[in-house]
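Beneath this line is the structure, given in structure tokens, with notes to follow.
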Amino acid sequence: MPCCVGYARALGTTRATLMRACRAAFGKAPAEMVHDRLALKAMRYLRFTAAGVAQVSDCLGFTDPTYFARFFRNHAGMTASVFRRDHGWVAKEGA
């Protein structure tokens with residue numbers, strides 16, 4: 001997962017300054033913002049593509065599909081498969 005130090009370095013600031021700025025502007029730590037964005041991207045992949053859960057995991061940079069499954073369940077409140085079943089628009093066979 002992303003590291004605040006790497007983002008701070010890329011932005012030419014310190015970790016503490018990045019943390020303060022993110023909390024002041026968005027009310028969240030930088031890592032929380034990155035996790036929220038990853039969860040949103042995962043939901044988009046699951047909703048609008050036919051890619052399997054392992055493919056989505058790989059596309060988002062997770063090295064272990066099991067970790068992605070746990071991450072997704074913690075952020076979405078349901079498994080990726082259930083999310084796709086309930087929210088996916090990709091045509092189902094026989095439809």
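Taking each residue of the range 76-95 that is surrounded by 12 or more Cβ atoms within 10 Å (Cβ to Cβ) and looking for partners that are modelled with pLDDT of 80 or more and not in a helix (DSSP H, G or I) with beta-carbon atoms closer than 6 Å, six or more apart or interchain, yields VAL90/ALA50. Within the range 1-36, the set of residues being modelled with pLDDT of 95 or more and on the phi > 0 side of the Ramachandran plot comprises GLY27 only.
Of the residues ALA39, ALA69, the single one that is modelled with pLDDT of 90 or more, of a type in the set (Gly, Ala, Ser) and out of contact with any His (no Cβ under 6 Å at 6 or more places or on another chain) is ALA69.
The values are calculated or read from the model by the stated rules, or taken from the named source; none is laboratory data. Only a predicted model underlies this, so the values are computations on that prediction, with no experimental measurement involved. Glycine gets a Cβ as well: all are built from the backbone with ideal geometry, and neighbour counts include every protein chain shown.
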